[in-house]
1. Starting from the Cα-Cα distance between D199 and N287, subtract it from 0.36 nm times their residue separation and give me the gain in nm to one decimal.
2. When percent of Cα pairs over 44 Å apart is calculated directly from the model, which label among [x] 16; [y] 21; [z] 25 fits?
3. Mind listing the phi-derived Karplus ³J(HN,Hα) values for region 99-104, rounded to whole Hz, using 6.51, -1.76 and 1.60 with θ = phi - 60°, and x for any glycine or proline?
4. Hey, what's the chain come to in accessible area per residue, 1.4 Å probe, Å²?
5. In sequence order, what are the phi-derived ³J(HN,Hα) couplings for region 261-266 according to the Karplus relation 6.51 cos²θ - 1.76 cosθ + 1.60 with θ = phi - 60°, rounded to whole Hz, with x for glycine and proline?
6. Which value results when the Cα radius of gyration for region 146-274 is divided by 2.2 N^0.38 Å?
7. Per DSSP helix of 4 or more residues, -39500 (n - 2.57); summed, then divided by the residues of the chain. What does that give at 222 nm, rounded to the nearest 500?
8. Name the long-range amide H neighbours of T261: under 5 Å, sequence gap of 5 or more, or other chain; modelled H, no Pro or chain starts.
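The values are calculated or read from the model by the stated rules, or taken from the named source; none is laboratory data. Not measured: the values here are computed from a predicted model. Every residue, glycine among them, receives a Cβ derived from its backbone with ideal geometry; neighbour counts consider all protein chains shown. These accessible areas exclude ligands, DNA and RNA; they are computed on the full protein's heavy atoms, side chains included. Shrake-Rupley method; radii C 1.70, N 1.55, O 1.52, S 1.80 Å.
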Amino acid sequence: MRRFTSLSVALIFFITNSEAQTVTYSEDVACIIYTHCTHCHNNTNSIAAIPFTNFNEAWSQRNAIKHYVANKLMPPYQPATENRTYSHEKTLTQSEIDLIVAWVNQGSKEGDSAKAPKAPTMTPLNTILTSPDISYRIPAYTVPNLVAFQYHCFVLPNTYSTEKRISAIEILPTNLSAVYSAFLYSDTSNIPLALDAADPSNGYEYYARTGSSSAKLLYGWVNGQQAYHTPKDMALKLDANAHLILRILFAEDAHNKIDSTQVNIKFETTTTSRTIEVATLLSHEHNLQNPPFIIEADSIKTFYVVDTIKSDISLLSVAHWAHKFCSNMSCYAITPATDTISLLEIEDHEDLWSQGVYHYFKPVHIPAGTVLIGRAEYDNTPNNPNNPFSPPHTIYAGNNDTSEQLLCAFSYIPYQNGDENLVADSIIHQLHYLNCSPVHTVAGIADIITENSFSIFPNPAINELNIASKDNGKFSVSIFNSVGQKMYSTQVVGNCQLSLANYSSGLYFIQINTGKNFITQKIIKQ
């Protein structure tokens, strides 16, 4: 995601020429939306409130769609991809963004409906792994009636007295309107078992990871992902007597919904495949360079974690952990030859959008003696819309959403000559729905940032939110919750004051539509 400071407005315009072709929904935009949006935005079993399953639904939200994709706010994907390529990147290409912007600017025409891909039918997720060695469905779990995102861990009953080697993992929620994301860990300690036994519910509540520092993240699932297959001739190690823990993030509005997520795992049948190790190589708990890990109220602080790699390795993936105070994060390596290798860059960190594991398109060679560095900036001021405290409190390291962390975990293999030329996964951009392809191409777009004519205050807010227009023009204002559900909408001329008294504490989005431009700003309701 990209941060737009202050209340500046992005005015997106299409650069055209005399030979520009007319972009239509049927021939161009439907393919993009059905591929990248509809798996979350649908009206049958969806985590997002606004459906995009046909022309009429997309047309009704055309200006909002243009705003979000042009500013790269949607689809949500945290890592920057300029300096590092990942597999299955959940981003739009620039040509896809250009087509959507052109479609709206040219009048949002439907075109010949017979030329559109068949609208997707949203059905429960089905397994694609045949004859898995582990297939376990958690007992039906009813999400408690709490107005907040909830992290719940379930300990799977499968343990093996000897080491196993995993070649594929599949996570299949039964209720996609409730499950936001899911993560699978392995752990040889008994801490998850003790936490499970101490919680009277099915599983146990835990905000950060599993509650055990020895837990290893094997796989992270988000809506739209297929089964994960390890690279050819490689397998993940499942330690002897390790427990498997499934950690699910349930949506903010999932209370009283029922889910029974299934986990399928296949083991490697050969013993010649290379073993993938998973380890938290960078941690504020073990290699923090500028302690103590304390973020005083009304301060912005940057912390560094550093480790030296003792033998040549090939990195396959990276995962990170930080909470609501983290504003940006990066991980990089400095080799003995003083070359800098970018491993992860997150410009605008959002705890909600963290997607677990990012797999590199090609293994990244890290020579022995390389210094591995993690850097994160934390904003503990009122300007941070995710700050749960008003006024800010001093923040310490911990495992809940009012504390902080700085962790980077990697999967890797011992380096062999030529690893950096292997293709770990041949898919970079998400495969198009039904192998569809837009018909037209258009010139690039340009962004102009203009001086904003609105003031939105205070933020964080308690019971009232003020919106002031400098030109006293007419506009509409809407309030959306953190998963895109519209909570309120009204037409305004000049200025207005919105009551937030009946809203629960948390993150919301204010959207202003002038008819020509959109403004979207995050706010916190205390």
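1. Between D199 and N287, full extension yields an extra 28.5 nm.
2. Here the calculated entry is [x].
3. With the stated coefficients, region 99-104 comes to 5, 5, 4, 5, 4, 5 Hz.
4. About 42 Å² of surface per residue is accessible.
5. The phi angles translate into 4, 10, 10, 10, 9, 10 Hz.
6. For region 146-274, the normalised Cα radius of gyration comes out at 1.08.
7. -2000 deg cm²/dmol
8. I138, T174
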